[in-house]
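Novice: Okay, handing you the structure first.
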Amino acid sequence: TSATPILQVKDLAVSYGHIEAVKGIDLTLNEGEITALVGANGAGKSTALLAISGLLKPQRGQILFDRQDLTSLSPHKIVQSGVVQVAEGRATLTTLSIAENLALGAYTRKDKTNIAKDLDWVYSLFPVLQRRKDGLAGNLSGGEQQMLAIGRALMAKPRVLLLDEPSMGLAPLLVQEIFRIVQEINRTGLTILLVEQNVRQALRIAQRGYVLETGKIVLADSGSNLLNNPKVLEAYLGG
Ligand code: ATP
């Protein structure tokens, strides 16, 4: 197993005013792997993702993707380069239909045949979206809107998918379903950065994981080593 880095974050620091939320972190995503970024509420996970997506401007550091420097690109260019974030809080467009939301995900693409194929794939991952494709996104449940947000990101044909708390606020059965689908998406070869407060589930499906505490990486290891790490057990897995 030879791991090839596809996305590297180097010494990333991000502040809100004079509060430094991310304090110089290094992350490496290997191609085709799930990398988990875990940590408590307020640790800086979302802030790090927003900086990678170009939605927040870092104070310092670099984001390198496939030998391209993304650090000063606009969010739009970053999506076009293949790094696509699924938003926390299911930012679907509630007054548009499900099919329209999915079509919007592909708006920067021109390859019509492949767009149609990807739409079929998204509908096969989330059959409920196909059944309700002409209905308004606003009428979907929280879990279904989360599925739509993931589907819409997949329609942009990402090479790296950034997922912010996909399991947040979902009923336990749906949490299982979302983690299963994240694995299924990864099996197609897509590289995933998974931000989660559900530490156990995230580390179970991740090849590698990073633990973030108050803006700093305190542990970096394989998912399985982290699951058995006494510090992780004590701090995040209830002893
Ligand atoms: P959560 O899971 O709750 O989103 P997180 O690990 O993603 O937690 P962040 O949301 O990145 O953490 O927050 C990191 C720190 O930055 C926290 O101290 C938070 O209060 C602060 N913060 C986040 N957003 C803002 C903002 N818009 N303005 C000022 N401070 C912020």
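Novice: Output the residues belonging to the range 41-51 that are under 14 Å from the mean Cα position of the chain (by Cα) and near the ligand (Cβ under 9 Å from one of its atoms).
Specialist: Hits for the range 41-51 are 45, 46, 47, 48, 49, 50.
Novice: So, in the range 154-179, of the ones that are open to solvent by less than 10 Å² (accessible area, probe 1.4 Å) and touching a Leu at 6+ places or on another chain (Cβ under 7 Å), which residue ends up farthest from the ligand (Cβ to nearest atom)?
Specialist: 155
Novice: Condition check: part of a helix (DSSP H, G or I) and open to solvent by 60 Å² or more (accessible area, probe 1.4 Å). Does residue 113 satisfy that? If you could, list the steps in order and put the result at the bottom.
Specialist: Values: part of a helix (DSSP H, G or I): yes; open to solvent by 60 Å² or more (accessible area, probe 1.4 Å): yes.
Here the answer is yes, as residue 113 does meet what is asked.
Novice: What number of residues within the range 199-231 satisfy the criterion of being farther than 25 Å from residue 176 by Cβ and open to solvent by less than 20 Å² (accessible area, probe 1.4 Å)? Full working, then the answer.
Specialist: Filtering the range 199-231 for residues farther than 25 Å from residue 176 by Cβ gives 213-220, 230-231.
This time we only want the ones that are open to solvent by less than 20 Å² (accessible area, probe 1.4 Å), so: 215.
Total meeting the criteria: 1.
Novice: Could you look through the range 153-209, keep only residues that are among the polar types (S, T, N, Q) and in a loop (DSSP other than H, G, I, E, B), and pick out the one that is modelled with the highest pLDDT? So that I can check it myself, show each step before the final result.
Specialist: Initially, the range 153-209 is screened for residues among the polar types (S, T, N, Q), giving 167, 176, 183, 186, 188, 191, 197-198, 201, 207.
So of that shortlist, the ones also in a loop (DSSP other than H, G, I, E, B) come out as 167, 188, 197-198, 207.
Numbers: 167: 88, 188: 95, 197: 89, 198: 91, 207: 98.
Here the residue is 207.
Novice: Would a scan of the range 52-70 turn up a residue that is open to solvent by less than 50 Å² (accessible area, probe 1.4 Å), small (Gly, Ala, Ser), in contact with a Lys or Arg (Cβ under 9 Å, 6 or more places away or on another chain) and within 16 Å of the ligand (Cβ to nearest atom)? Walk me through how you get there before you give the answer.
Specialist: Filtering the range 52-70 down to residues open to solvent by less than 50 Å² (accessible area, probe 1.4 Å) leaves 52-54, 56, 58, 61, 63-65, 70.
Narrowing the set further to residues that are small (Gly, Ala, Ser) leaves 53-54, 61.
Checking the rest, the ones that are also in contact with a Lys or Arg (Cβ under 9 Å, 6 or more places away or on another chain) come to 54, 61.
If we keep only those that are within 16 Å of the ligand (Cβ to nearest atom) as well, we get 54, 61.
Yes - at least one qualifying residue is present in the range 52-70.
Novice: Can you name the condition, by its number, that residue 21 falls short on among (1) over 18 Å from residue 203 (Cβ atoms); (2) hydrophobic (A, V, I, L, M, F, W, C); (3) in contact with a Phe, Trp or Tyr (Cβ under 7 Å, 6 or more places away or on another chain)?
Specialist: Unmet for residue 21, out of (1) over 18 Å from residue 203 (Cβ atoms); (2) hydrophobic (A, V, I, L, M, F, W, C); (3) in contact with a Phe, Trp or Tyr (Cβ under 7 Å, 6 or more places away or on another chain): (3).
Novice: Which of the residues spanning the range 14-41 are in a loop (DSSP other than H, G, I, E, B) and either touching a strand residue (DSSP E or B) at 6+ places or on another chain (Cβ under 6 Å) or in contact (Cβ under 8 Å) with a residue 12 or more places away in the chain (or both)? Reasoning before the result, please.
Specialist: So the first thing to find is which residues in the range 14-41 are in a loop (DSSP other than H, G, I, E, B), and the list is 17-18, 31-33, 39-41.
Answer for the range 14-41, where residues must be in a loop (DSSP other than H, G, I, E, B) and either touching a strand residue (DSSP E or B) at 6+ places or on another chain (Cβ under 6 Å) or in contact (Cβ under 8 Å) with a residue 12 or more places away in the chain (or both): 31, 32, 33, 39, 40, 41.
Novice: Say we look at the range 71-106 and pick out the residues that are open to solvent by 60 Å² or more (accessible area, probe 1.4 Å) and without any contact (Cβ under 8 Å) to a residue 40 or more places away in the chain; which of these is farthest from residue 188 (Cα to Cα)?
Specialist: 72
Novice: Please enumerate the residues belonging to the range 1-40 that are buried (at least 17 other Cβ atoms within 10 Å of the Cβ), within 16 Å of the ligand (Cβ to nearest atom) and within 18 Å of the chain's Cα centre (by Cα).
Specialist: Passing the criteria: 9, 12, 22, 25, 27, 35, 36, 37, 38, 39.
The values are calculated or read from the model by the stated rules, or taken from the named source; none is laboratory data. These numbers come from a predicted model, not from an experiment. Quick reminder, even Gly has a Cβ in these numbers, built from the backbone with ideal geometry, and neighbours come from all protein chains shown. For accessibility, only protein heavy atoms count, side chains too; no ligands or nucleic acids. Shrake-Rupley method; radii C 1.70, N 1.55, O 1.52, S 1.80 Å.
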